[in-house]
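What follows is a short report on a single structure.
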Amino acid sequence: MRMPAILLLLGVLILRAGPAAAADPQLVPDVSQSDIEIRYSFAGETILLFGAILYPDRKLPDEDVDIVIVLKGPSVPITIREKRQIGGIWMNAEAVGMRSAPGYYAIGSSRPISDIVDERTAAIYELGLHNLQLSPTGFTSPDQLQRFETGLIDLNRRTRIYSEDASAVSIREGVLYRASMTVPARVPVGGITAQTFLISHGKVLAVASRDITVRKTGFERFIAMAAQKFGFFYGLVAILLSLAFGYAASAYFGRR
């Protein structure tokens with residue numbers, strides 16, 4: 001999306017928002033793409049998040065402000081298992097269940113989070129990967145919980161399901177902001193909430209959100225729906241296809 005088009009759209013959003021509140025500034029956010037379709041060739045998507053800051057009486061603040069944008073996918077319960085080598089064999093050992101691990105999490109900011117807010121504020125708003133509230137399902141010692149949370153975050157960072165970028169957001173003249181953030185190929189299907197935080201002197205002044213939908217289309221959607229609605233027949237067909245391909249491969253290589 002080109003800059004003139006962004007400025008025009010921002011102008012429309014500001015007009016719709018009406019006059020700013022008398023006490024606190026307001027955010028007018030938007031996204032370049034609110035519907036992401038997953039097809040067979042889907043390799044990820046880069047989306048543009050942009051918006052404007054409306055100040056009381058249209059007066060710019062004397063001090064600089066910061067913007068933090070959080071993309072958070074559907075939260076799902078998961079079980080994290082730790083592998084250990086027992087008797088020369090790698091096996092699943094301890095396990096910890098989490099009630100609300102986000103299926104996708106990305107955070108972008110105008111500066112490092114530690115320079116914008118203190119630890120307490122970051123924990124309240126879940127700003128940063130190490131401030132996610134994963135909610136263990138049972139009793140777990142603090143050391144064990146931290147070990148499993150760290151393992152989950154490291155694993156998802158390697159697969160780009162979780163990410164942090166301390167320079168993703170740029171602010172223009174204290175009024176307009178924009179950020180480019182990547183939605184990876186392995187993003188789960190469902191709703192993503194794009195939350196924008198306006199912060200000054202460590203205090204959150206305004207929060208606004210937009211919704212993004214991730215859905216499968218075409219043949220991928222058909223396969224996913226078949227697996228959900230007709231699980232037995234889907235499994236049976238998968239087994240038959242595996243046997244057929246195995247027999248065909250055996251017959252082909254047996255002639256050579």
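The values are calculated or read from the model by the stated rules, or taken from the named source; none is laboratory data. The model shown is predicted, which means the values in this text are computed figures rather than measured ones. Quick reminder, even Gly has a Cβ in these numbers, built from the backbone with ideal geometry, and neighbours come from all protein chains shown. Only protein heavy atoms, including side chains, enter the accessible area calculation; ligands, DNA and RNA are left aside. Shrake-Rupley method; radii C 1.70, N 1.55, O 1.52, S 1.80 Å.
Quick notes
- Residue 30 contributes an accessible area of around 40 Å² to the protein surface, as traced by a 1.4 Å probe with all chains present.
- Of the whole protein surface, residue 215 contributes about 90 Å² of accessible area at a 1.4 Å probe radius.
- Packing rank of 176-186, 35-45, 91-101, where each peptide gets the mean count of other beta carbons within 10 Å, highest leading: 176-186, 91-101, 35-45
- With every protein chain in place and a 1.4 angstrom probe, the accessible-area ranking of 83, 216, largest first, reads 83, 216.
- Counting all C-alpha pairs of segment 3-216, share separated by more than 28 Å (%): 36 percent
- Cα gyration tensor category, rounded, prolate or oblate, for segment 145-201 with a/c compared to 1.5: prolate
- For the listed peptides 46-55, 112-121, 188-197, a ranking on the average number of other beta carbons within 10 Å per residue, highest first, reads 46-55, 188-197, 112-121.
- Gain on full stretching of the segment that runs from residue 167 to residue 43 - 0.36 nm per residue minus C-alpha separation: 42.3 nm
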